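The next block holds one structure in the form of structure tokens; read it before the comments.
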Amino acid sequence: MRKLVGLFAGAAILVAACGGTSPTTAPSSAPTTAPTTAPSTEASPAGSEQPSGGGSEQPSGSTGGVDLFNTTYKPETPTGTGGTIIIGDWQEATQFNPYYLSQVTEANVASLVWHSLLTITSDFRYRPQLAAEPIPTTENGGVKVPGDNGDAMTVTWKLRDGLKWSDGQPLTCDDFKYAWEWVLDKNNTGVVTAGWEDISKFDCPSDTDMVWHFSKVYEGYLTLAVAPLPRHYLKDIPIADQVKGKGFSVNDIAKMPVPGPFKFESVTPQSEIRLVRNDNYKAFGTDKPANLDSVVFKWYGDPDAMIAGFRAGEIDLAFDLQDSDIPKVQDLGDQVAAIPALLYEFLRPNWSPNTDYDQSIKNGGCSRNPAVQDRGPGCPASDPAIRQAIAYAIDKNEINTRLLGGNAQVANTNISPAAWFYADQQPASFDPEQAKKILADGGWTDTNNDGFVEKDGTTAKIELCTTTRQVRQDTLALISSWLKAVGIDSVINPVASSDIFADYNEATLDTPCALSTSNFDVAEHAFSSSIDPLGNYFSYHSSQFHPTGANDARVSDPDLDKALDDVKNNVDFNKIKDAMATFQKIYVEKTVEIPLYYRKNVELAGPRLGNYFANGTQVGSTWNGEDWYAKQ
């Protein structure tokens, strides 16, 4: 499962303080966000496959002809309104605060209820939701670098007229200002603060005018505002209580005013979520509410049960399948959508040494699983020799061939080849002898003659965490055998997604494999990489450790920080692309992670659903739910 932070995983992941370099002033003609390259020239409905490909060079000081905003998306005219669409997923959505989302299934729910200033279309363009056109750039004067009255950057937004919350109250600039105050409140924990903390002043000249005064240039302003929050409803709930779930809990969420096309009706844990049309919502471009009466999310125990449910007509959509599932559903023909996604499967080593244990901030150091505690006092994955040896010990091609039917593309880095800032890297090849040499050079030797190496009283024994997905368990079984062959012992621990992806406020130091409290050694899961290069800042910059960031593996490297600072504090396309090339080079050379393969978004869409357009970005394929309709 992908981990997200907020609706825009890379800009809010998703699911994160500042560093080093001084801001760079952009030429007045350059937009202050990196362009995205669409995977195809037209948005793709169910059953189509979008090719991946690299972006083009962007000349400094101009957009270079790259179109960020003019999407080709054109929904059909509905044949009727009303009706219900049922969505299946094999992992349950349990988090309803848009700033704390940790799974794609939660983002799919959020995209229907928590609208933002913009969304990301199926052809990778930015499209307004609550914002009015034009979207602010330096070209149209909505972004000024340097800004007004001493600002490093000033961004001016215009909201659409007549916006309302689902309870009928006006939705205004002040609700976005409340979200800014909420994120930065001293009682808030586990929320991404980067970007928000760079806004030195937040002005609301009117209900529909919004001005952000930045003390630093911030590349990711477009997707900074994850969602407005209703001040009129939340102001009487202490933020310390909101952080613990008050207002957003299973029992409270049906009362929550929301800005999207649907609102919560009921949540039945381990069974379903029911959303009903928000009649106070007006869609961008039509000023009409959603076509459907309701949307239901139905939870299945595993992907095979969900596929069976789709075949039996229980659900209209089936989400969160992957490459390994394609042979199971290929007979369904054009009901299958398999599109390249900004998604990669990988091994995530925990860089934390055992000295990182800190109960006051819920940081576990590394795995607290009793099954690995006989290894001694250290955290093996914190040693770069262990991380590098793991990379050389794994045969990625064998994983693809044996478990994925050769359907996947082996990954060399964490950046999707569809991203304009992708820079291919030479990966660590499958070379067990090199892995053994790296361990020996790093001081890891088999002093006990038991087949496993040791160093400073710690045996190289690691916990391999993952979800209960069978293909992941099979992958780790292969990896465990390869690690054993080079002298690294391992324990495979498949856990519920609610454990491994538990958000910081929910997880404890002993939640099994919890990424957010660093209770793991190496975890296999997937990340949805951002369409904006800034998304990498939140997951890899050393300033982004919890409780104020999403760098759950506690990656810390000054060269990596420098490259990411050059991205965050810049608006020059060439410099950003160069910085991201440097980042990717360091990512591979220092084994920040071990990417395995790029994944496809595989979804099933039945014939009843109109205007379904598969979306490989972080907002997911519910991004245009207001346009969905039930075919007669």
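Only the coordinates and a few stated rules stand behind these numbers; no lab work does. All of these numbers come straight from a predicted model, not from anything done at the bench. No Cβ is skipped: glycine too gets one built from the backbone with ideal geometry, and neighbour counts run over all protein chains shown.
Here is how the numbers come out for the structure above:
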quantity	calculated
Percent of Cα-Cα distances greater than 26 Å, calculated over region 342-599	38
Inter-label distance, nm, simple model (7 Å from Cα along the C-beta direction), residue 311/residue 265	3.0
Region 513-595: trypsin sites (Lys or Arg not before Pro) in DSSP loop, at most 16 other beta carbons within 10 Å	590
Positive-pole candidate from 162, 366, 180, dipole of the chain, charges at beta carbon	162
Table column - 3J(HN,Hα) (Hz), region 325-336, Karplus curve with 6.51, -1.76, 1.60, x for Gly and Pro	8, 4, x, 6, 10, 5, 6, 7, x, 6, 7, 9
Net dipole in debye of region 251-370 [+1 Lys, Arg Cβ; -1 Asp, Glu Cβ; about Cα centre; nearest 20]	440
Residue among 351, 408, 511 farthest towards the positive dipole end of region 342-599, charges placed on Cβ	408
Potential extension, residue 562-residue 426 segment - 0.36 nm per residue separation minus Cα distance	46.8 nm
Magnitude of the charge dipole, the chain, Cβ model with Lys/Arg +1 and Asp/Glu -1, debye to 20	500
Partner lysines for residue 246 [C-alpha distance under 20 Å; skip if fewer than 8 residues away on the same chain]	186, 235, 255, 263
Relative exposure of 212, 299, judged by other C-beta atoms within 10 Å (fewest first)	299, 212
Selection from 548, 475, 439 lying farthest towards where the dipole of region 342-599 points positive, charges on Cβ	475
Spacing of the two label points (7 Å from each Cα toward its C-beta) at residue 244 and residue 374, in nm	4.0
Residue 203-residue 449 FRET efficiency (beta carbon distance; Förster radius 60 Å; 0.05 resolution)	0.30
Among (1) 0.95; (2) 1.09; (3) 1.05, the entry derived from the coordinates for Rg/Rh (Cα atoms, Kirkwood Rh)	(1)
Fully extended contour minus Cα-Cα distance, from residue 485 to residue 401, at 0.36 nm per residue	28.2 nm
